[in-house]
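Step one of this worksheet: look at the structure below.
Quick note: the coordinates plus some simple rules give every number you see, no bench work behind them. In this text, all values refer to a predicted model and were calculated from it rather than measured experimentally. Note: ideal-geometry Cβ built from the backbone for every residue, glycine included; neighbour counts use all protein chains shown.
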């Protein structure tokens, strides 16, 4: 199973959010399954059309996902996934 890590910014909204293992083939499936464990987290990560929100980045290992629209980047059971709030500002 892939291991998912979350930044402390997300833990602010979900205090029990710790690294978890999820069996998923794509980022979209992973987000659906994470939302089952932490209801409402999906709405923070993706918008109403299922696209990754601008203020969120997802990495598979050291690589940022390429498909922010449909989230069909593939995941293997040995991957480490990082879901984090993107930094922005001026």
What's the exposure ranking of 48, 69, going from fewest to most Cβ atoms within 10 Å?
48, 69
Using a simple spin-label model with points 7 Å from Cα along the Cα→Cβ vector, what separation in nm is obtained for residue 42 and residue 80?
2.7 nm
How high is the relative contact order of the range 20-90, in percent, counting Cα pairs under 8 Å that sit 6 or more residues apart?
34 percent
Percent antiparallel among DSSP beta bridges (both partners in the range 2-85, rounded to 5)
75 percent
Report the full-extension gain for the segment residue 62 to residue 11: residue separation times 0.36 nm, less the Cα-Cα distance, to one decimal in nm.
16.2 nm
Based solely on its DSSP helices, what 222 nm [θ] is calculated for the chain when runs of n ≥ 4 H residues each add -39,500 (n - 2.57) and the sum is averaged over all residues, nearest 500 deg cm²/dmol?
-6500 deg cm²/dmol
For the chain: Kirkwood Rh in Å [reciprocal of mean 1/r, alpha carbons]:
13.0 Å
